[in-house]
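Just so you know, all these numbers are worked out from the coordinates, no wet-lab data involved. What you are looking at is a predicted structure, and each value in this text was computed from that prediction instead of being measured. Virtual Cβ from ideal backbone geometry, glycine too; neighbours counted across all protein chains shown.
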């Protein structure tokens, strides 16, 4: 297993501001993902954070709103930009440990960032 | 858009009861089905990753089965305990191309076990 540290654990922000969430892993990982869970909704993949290249975003998510950095194999950040109340969610990073692309390996999650926008 | 459905949405049982939930997913282009347990204020914890039709996996009192031809998986908990109270999530992974490595989650089943 791995230790996945996510910061901050929670925050309350004003609309129009931006917040950067950090995800630190205690070992090198190839695949790192960012998810969000809006109230009453399922956990939804925002993007795959790629080391050394631009993140791969899922349909409905764009880089201007959710810029992602992945400077090395142990760290990534997700920024939620120009926040509105609809961005109130739990944001989670996850990683796949070991070799391969993770098809038959579980994902390991950080503790999440609980974000409320006023 | 992939459709991953879980039922029931919530479930209340008494300590000692056995229970089960369902996850339905697309029966085509299947690669893997994951089950996670998510307790309040904690991170989701992996229970099982299932890849083969007919797979059965077990971890203590929890077990799961997989039917990829008809697109469903069952999660069973035998002799529920209050510490089993959590949201149980299933997640589908499609095969090949841009689907590989990406999970589509169901909305979860919230289990509450009363002492």
Mean other chain Cβ within 10 Å across A:84-95 is 1
Order of A:84, A:42, A:116 under a 10 Å beta carbon neighbour criterion, fewest first: A:84, A:116, A:42
Only residues of region B:61-86 count here: report those whose backbone N is under 15 Å from the spot 7 Å along Cα→Cβ of residue B:13, or say none. B:61-65, B:74-86
In percent, how large is the relative contact order of chain B, given Cα pairs closer than 8 Å and 6 or more residues apart? 37 percent
Averaged over the residues of A:29-42, the number of partner chain Cβ atoms within 10 Å of each residue's own Cβ comes to 2
Kindly identify region B:34-98 as rounded, prolate or oblate by the Cα gyration tensor criterion: order the square roots of the eigenvalues as a ≥ b ≥ c, call it rounded if a/c is under 1.5, otherwise compare a/b with b/c, prolate if a/b is larger, else oblate. oblate
Let me know the mean shielding of A:104-113 by other chains, meaning the per-residue number of their Cβ atoms within 10 Å of its Cβ. 6
Ascending count of other beta-carbon atoms within 10 Å, so fewest first, for A:9, B:10, B:73: B:10, A:9, B:73
Pseudo-spin-label distance residue A:41 to residue B:55, built 7 Å along Cα→Cβ, given in nm, is 2.8 nm
With contacts defined as alpha carbon pairs under 8 Å and 6 or more residues apart, what's the relative contact order of chain A in percent? 36 percent
